[in-house]
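Where a number appears in this text, it was derived from the coordinates with a stated rule and is not lab data. Model, not experiment: these values are computed from the prediction. Counting neighbours? That spans all protein chains shown, and the Cβs are built from the backbone with ideal geometry, glycine included.
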Amino acid sequence: MPAETAAPPQLVLVVGAEELLVDRAVARVAAARRALDPDTETRDLSPGNFTPGTFAELVSPSLFGESRVVVVRAAQDLAADDATALIAALGGLADEITLVVVHVGGVKGKALLTAVEKAGAWRIDVAKVTKPAERIAFLREEFKAAKRQITEEAARALLDAVGNDLRELAAAASQLVADTSEDARTPIDETVVAKYYSGRAEVSGFTVADLAVDGRTAQALEQLRWALATGTAPVLITSALAAGVRSVARVASAPRGARPADLARDLGMPPWKIDKVRQQVRGWTPDGISVALLAVAEADAAVKGGGDDSAYALERCVVTVCRARGQGVRG
């Protein structure tokens, strides 16, 4: 979306499978709409909770003309009737509505993708980050956005310590910027990365997340306390929790009976992870996933400065996620 555009287009198409970058593209569109109207509401729909009736209500003119951003995620997985309802609405969006359609690209759901393009959507392409050099470039941009510098060696060390997941890398960059704010003019080097992350960041956050998504409260809390005691940054734990719950949501909304290889291609996950998440999906409901995502968002805000006790915020989050799996409601 060009900077000179005063308002976001009414119809936006975001194409790509890199989840973090897709989320950021959607967030920029929503922010542009909120700049015009701070009371703008954002509503997310996915194949698991999309119904033609609900969608029609969200994109139709409201009595008081409330501004709204409606995001349809994983549009390639919509049922045929749902896709038809979406296409039928493209030419009649209310003025106060911005519709964002998120599609992974590829041949699945190609008719819907083509229809949205032909309707005049503003298209945002999100490239898949697959190579180490691309992740290094991503890290540089993260630090540049924070008005900081990181050396090539430090960026490689951070990639080795944290892993390939972009959410984890972004969280690590954010944490390093915060932890070294007193010396903002000095580039972050290997010594700084080793001090905060080397050899300890990548396992514990995902260990906590896996146990929480499995509903194993006692073990998740034990690993959480160990992770915090050994110095894992709280923001890395909330990032891992977010990734875990989002993976469950994506696999849960995928067509039943789909082969792991097909899901891996469509969802941008390796086949081994598809098999793992399929085991974790059992016991989760759409309501439970919503509760878990909200809990993670609240914990993330707390550990980034919105609360006084990061450890307490994380423990409360882990307990809520574990209970959400079994009950589908906050408990």
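What's the whole-number percent of alpha carbon pairs in region 1-124 lying beyond 23 angstrom?
For region 1-124, the share of Cα pairs beyond 23 Å comes to 23 percent.
Taking Cα pairs under 8 Å and at least six residues apart, what relative contact order does the chain come out at, in percent?
RCO, the chain: 15 percent.
Restricting to DSSP H runs of at least four residues, report the calculated mean residue ellipticity at 222 nm for the chain, -39500 (n - 2.57) per run over all residues, nearest 500 deg cm²/dmol. Kindly include the intermediate steps, with their values, before the conclusion.
Numbers: 15 runs with 189 residues, N = 331.
Per the formula, -18000 deg cm²/dmol.
In µm²/s, what is D for the chain at 4 °C and 1.567 mPa s, where D = kT/(6 pi eta Rh) by Stokes-Einstein and Rh is the Kirkwood radius from Cα pairs?
On the way: Rh = 21.0 Å.
D = 62 µm²/s.
Report ³J(HN,Hα) in whole Hz for each residue of region 102-111, in order, from the Karplus equation J = 6.51 cos²θ - 1.76 cosθ + 1.60 where θ = phi - 60°; Gly and Pro get x.
Per-residue couplings from phi come out as 9, 9, 6, x, x, 7, 5, x, 4, 4 Hz.
With θ set to phi - 60°, apply the Karplus curve 6.51 cos²θ - 1.76 cosθ + 1.60 along region 32-41 and write out the HN-Hα couplings as whole Hz, x wherever there is a Gly or Pro.
Here the 3J(HN,Hα) series is 5, 5, 5, 5, 7, 9, x, 8, 4, 9 Hz.
Count the lysine pairs in the chain whose Cα atoms lie under 29 Å apart, taking only pairs 8 or more positions apart in sequence or on different chains.
Going through the chain pair by pair, I get 27.
Principal axis lengths of region 131-199 from Cα atoms, whole Å, largest first?
The Cα atoms of region 131-199 stretch 32, 25, 19 Å along their principal axes.
For ARG278 and ARG43, what does the FRET efficiency come to when R0 = 22 Å and r is the distance between their Cβ atoms, rounded to the nearest 0.05?
The formula returns an efficiency of 0.20 here.
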